[in-house]
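Participant: Sharing a structure, written as structure tokens. Questions coming.
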Amino acid sequence: MFLPTKDWSLLRAPWFAAAFLMAWIAGFGNASAEPSKQNRANPSTIAKQTSKSHAITFASVDGDVQITSEFAGGRMNGCQQVSASEFAITIHPERDQINDSAWYAFRIDSTQPRDVCVRLNYVGGSHRYDPKVSRDGKTWMATPQWVTKRHPLGSEVELSIPLDGKPIWIAGQELIGGEVLQRWTDTLESLPYVNRSVIGQSVQGRPLHRLDITDADRPDYVFIVARQHPPEVSGAIGMMHFVETIADASPLSEQFRSRYCAAVVPMVNPDGVAQGHWRCNANGVDLNRDWAHFSQPETKAVVNQLLACRKTDDGRLCLFIDFHSTFDDVFYTTPPKANLFPQGFTDQWLGAIQGRFPAYEVNRKANHNLQRSTSKAYVARTLGVTAITYEFGDETDRETIRTVASGAAEEMMRLLVNLPAGTAEPSIADRGAAESTDLVAVGADPKR
């Protein structure tokens with residue numbers, strides 16, 4: 001069973017489960033990859049390719065169409081040709097029991113112009129990301145109009161794709177992988193006040209990079225991380241604009257850098273990004289659930305850097321920001337009464353952002369996932385420092401992301417340059433029992 005998908009909000013309506021059951025009873029519940037009788041190809045002409053790998057290449061019977069996920073960030077676990085112009089692609093997560101952030105990415109090569117129908121069949125998940133398309137793998141455009149049908153529970157969608165004889169990349173989000181981040185960090189590192197270092201390696205040996213953006217000899221620190229979860233590209237885009245603002249030539253940025261260092265780890269999970277994972281690193285571990293155990297080389301490397309910032313001579317760790325993506329723009333914070341350093345910063349910062357963009361809703365959710373082993377919970381609970389998970393919506397307009405992220409960076413800098421020098425960080429003991437009570441989770445959202 002499929003439904004038109006012009007209004008995605010319908011999928012969250014409570015009556016969908018009942019509607020789905022009624023459809024099954026009526027005999028319309030078969031959303032498998034098998035073609036219907038009237039469209040079924042001759043068995044001798046059906047081509048099929050399946051693999052446990054996320055990276056495969058499939059060729060149609062006539063050789064006119066080739067579909068591949070054999071590139072960094074690609075994910076396609078199976079492909080079947082079900083008729084002359086219809087293909088069914090299977091998408092599996094990297095492990096069972098995983099957050100439903102179903103990622104897909106593949107390229108279609110064709111020898112001549114034609115229209116094809118591609119069904120995405122999700123195993124262990126449902127459709128989350130509207131397709132983004134690119135002709136060169138670099139410049140991307142959102143094409144939600146290509147989604148023509150959708151299963152009521154999101155387990156299968158149908159894409160109508162016009163081919164023109166040239167390669168076309170189709171993915172859940174823009175492909176911002178290791179090469180793109182390398183070029184971005186190369187550009188920043190060319191600035192005299194930016195230094196890049198390698199702080200460790202991933203499970204598969206990929207380098208974990210850190211950028212230090214400062215003109216100060218003994219700076220205080222703002223620590224920024226991103227891409228713990230591979231598909232969360234809008235968060236990575238926001239992080240890049242945020243960091244670029246810190247590194248620009250404005251008087252405010254120069255004043256900030258004269259006192260502070262922005263320490264940035266732009267991609268915590270390079271293996272997961274390269275392999276097109278939904279959530280985890282190469283060991284199948286959700287890195288943003290490893291911030292109590294530190295069982296993975298990626299989280300070990302990052303926390304060692306974080307702790308080193310706090311122990312540096314006269315320097316202080318003043319703020320921790322972890323960039324992510326979810327369905328809507330939101331700031332996940334600690335409770336408003338939490339006794340964190342700098343005191344009252346979160347309220348002031350979010351208020352400043354709202355004042356700067358009155359037409360933009362600054363959405364705050366406190367008490368979020370504080371019982372889980374997340375980066376935000378660890379920094380707030382263990383270090384007593386303001387920690388915020390900054391999330392951008394999957395489909396938030398990219399120009400809006402640029403504008404808001406850049407403005408948020410400026411408001412952060414404006415507040416911190418006015419923070420009195422020498423203000424002491426609270427020790428864990430100083431924060432006392434009341435703080436411990438504040439940091440007990442209440443109604444955590446399971447999505448993050």
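The values are calculated or read from the model by the stated rules, or taken from the named source; none is laboratory data. From a predicted model like this one, the values you see are computed outputs, not experimental measurements. All Cβ positions, even for glycine, are placed from backbone atoms using ideal geometry, and neighbour counts span all protein chains on display.
Participant: Would you please list the contacts, defined by Cβ atoms under 7 Å and residues six or more apart or on different chains, that run from a residue in the range 409-422 that is under 15 Å from A387 (Cα atoms) and at pLDDT 95 or above to a residue that is not basic (K, R) and not in a helix (DSSP H, G or I)?
Facilitator: L416/Y260; L416/C318
Participant: Give me the residue from the range 79-89 that is part of a strand (DSSP E or B) and surrounded by fewer than 20 Cβ atoms within 10 Å (Cβ to Cβ) and, out of that set, nearest to the chain's Cα centre (by Cα). Walk me through how you get there before you give the answer.
Facilitator: Filtering the range 79-89 down to residues part of a strand (DSSP E or B) leaves 79-83, 86-89.
Of the ones still in play, those that are also surrounded by fewer than 20 Cβ atoms within 10 Å (Cβ to Cβ) are 83, 86.
Details: S83: 35, E86: 30 Å.
Ranking the candidates gives E86 first.
Participant: Looking at this structure, is G73 assigned to a loop (DSSP other than H, G, I, E, B) and closer than 16 Å to A171 by Cβ?
Facilitator: On the way: assigned to a loop (DSSP other than H, G, I, E, B): yes; closer than 16 Å to A171 by Cβ: yes.
Spelling it out, G73 is indeed assigned to a loop (DSSP other than H, G, I, E, B) and closer than 16 Å to A171 by Cβ.
Participant: Please go through the range 365-407 and give me each residue that is without any contact (Cβ under 8 Å) to a residue 60 or more places away in the chain, closer than 17 Å to H241 by Cα and β-branched (V, I, T), ordered by number.
Facilitator: T400, T403
Participant: I need every pair where a residue in the range 205-233 that is surrounded by fewer than 18 Cβ atoms within 10 Å (Cβ to Cβ) has its Cβ under 6 Å from the Cβ of a residue that is at pLDDT below 95, sequence separation at least 6 or different chains.
Facilitator: Cβ pairs passing all conditions: R218/D313; R218/D314; R218/G315.
Participant: Within the range 101-126, take every residue that is in contact (Cβ under 8 Å) with a residue 60 or more places away in the chain and more than 19 Å from T148 (Cβ to Cβ) and give me the one that is surrounded by the most Cβ atoms within 10 Å (Cβ to Cβ).
Facilitator: So, considering only residues that are in contact (Cβ under 8 Å) with a residue 60 or more places away in the chain and more than 19 Å from T148 (Cβ to Cβ), the one surrounded by the most Cβ atoms within 10 Å (Cβ to Cβ) is W103.
Conditions (1) over 30 Å from H127 (Cα atoms); (2) in the same structural domain as P297 (by TED's automatic domain parsing); (3) among the aliphatic types (A, V, I, L, M), marked per residue:
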{"residue": "V147", "(1), (2), (3)": "no, no, yes"}
{"residue": "R150", "(1), (2), (3)": "no, no, no"}
{"residue": "S155", "(1), (2), (3)": "no, no, no"}
{"residue": "L191", "(1), (2), (3)": "yes, yes, yes"}
{"residue": "R196", "(1), (2), (3)": "yes, yes, no"}
{"residue": "S202", "(1), (2), (3)": "no, yes, no"}
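Participant: Looking only at the range 122-144, decide whether some residue is modelled with pLDDT of 95 or more, closer than 14 Å to H92 by Cα and of a type in the set (F, W, Y).
Facilitator: Looking for residues that are modelled with pLDDT of 95 or more, closer than 14 Å to H92 by Cα and of a type in the set (F, W, Y), one finds at least one in the range 122-144, hence yes.
Participant: Could you identify the single residue in S53, S44, S9 that is modelled with pLDDT under 90 and in a loop (DSSP other than H, G, I, E, B)?
Facilitator: Details: S44 fails: in a loop (DSSP other than H, G, I, E, B); S9 fails: in a loop (DSSP other than H, G, I, E, B).
Answer to the check: S53.
Participant: Turning to a different aspect of this structure: Six or more apart or on different chains, Cβ atoms under 9 Å: show the pairs whose first residue is in the range 275-287 and of a type in the set (D, E) and whose second is assigned to a loop (DSSP other than H, G, I, E, B).
Facilitator: The qualifying pairs are D286/I98; D286/N99; D286/Q228; D286/H229; D286/R279; D286/C280.
Participant: Sticking with this structure for a sec: Take the conditions assigned by TED's automatic domain parsing to the domain that holds Q305, modelled with pLDDT under 95 and more than 18 Å from the chain's Cα centre (by Cα) and apply them to R218. Does it pass?
Facilitator: On the way: assigned by TED's automatic domain parsing to the domain that holds Q305: yes; modelled with pLDDT under 95: yes; more than 18 Å from the chain's Cα centre (by Cα): yes.
Yes, satisfied.
Participant: Take S134 and decide whether it is touching an Asp or Glu at 6+ places or on another chain (Cβ under 6 Å), in contact (Cβ under 8 Å) with a residue 24 or more places away in the chain and not hydrophobic (A, V, I, L, M, F, W, C). Even if it seems obvious, please write down each step before you answer.
Facilitator: On the way: touching an Asp or Glu at 6+ places or on another chain (Cβ under 6 Å): no; in contact (Cβ under 8 Å) with a residue 24 or more places away in the chain: yes; not hydrophobic (A, V, I, L, M, F, W, C): yes.
For S134, the condition - touching an Asp or Glu at 6+ places or on another chain (Cβ under 6 Å), in contact (Cβ under 8 Å) with a residue 24 or more places away in the chain and not hydrophobic (A, V, I, L, M, F, W, C) - is not met.
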